[in-house]
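Q: Quick one: structure below, then a few questions.
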Amino acid sequence: MPRYYFINKECPKCHSKMIPDDRDYNFDGCQDEWYVCENENCEVSAFVKVRYGKICRVIWRDGETTISL
Ligand SMILES: [Zn+2]
């Protein structure tokens, strides 16, 4: 499996679009974001940590299982 960068906002499992679900906003350029796959039969979600305007961490999950890409 190729490495997925979140910039694609694409589900690594079914290749559907990842859509924003929730956001925890601290200040401009510093936020935590949650995304879910738009495919209702797919349980992939992503947690994205943004610090100083850059993505510093992305954690992918398939249901309750963390997946490393
Ligand atoms: Zn998916």
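Only the coordinates and a few stated rules stand behind these numbers; no lab work does. This is a predicted model, so every value here is computed, not measured. Cβ placement follows ideal geometry from the backbone for every residue including glycine, while neighbour counts extend to all protein chains displayed.
Q: For the range 21-63, which chymotrypsin sites (Phe, Trp or Tyr not before Pro) are both in a DSSP coil and crowded by at most 15 other Cβ atoms within 10 Å?
A: Within the range 21-63, the qualifying chymotrypsin sites (Phe, Trp or Tyr not before Pro) (loop, at most 15 other Cβ atoms within 10 Å) are Y52.
Q: Fewest to most neighbouring Cβ within 10 Å: what's the order for S68, S16?
A: S68, S16
Q: Moving on to the next point. Under 8 Å for C-alpha pairs, at least 6 residues apart: give me the relative contact order for the chain, rounded to a whole percent.
A: This gives 24 percent for the chain.
Q: Between I55 and C14, what is the FRET efficiency for a Förster distance of 30 Å, r being their Cβ-Cβ separation, to the nearest 0.05?
A: 0.85
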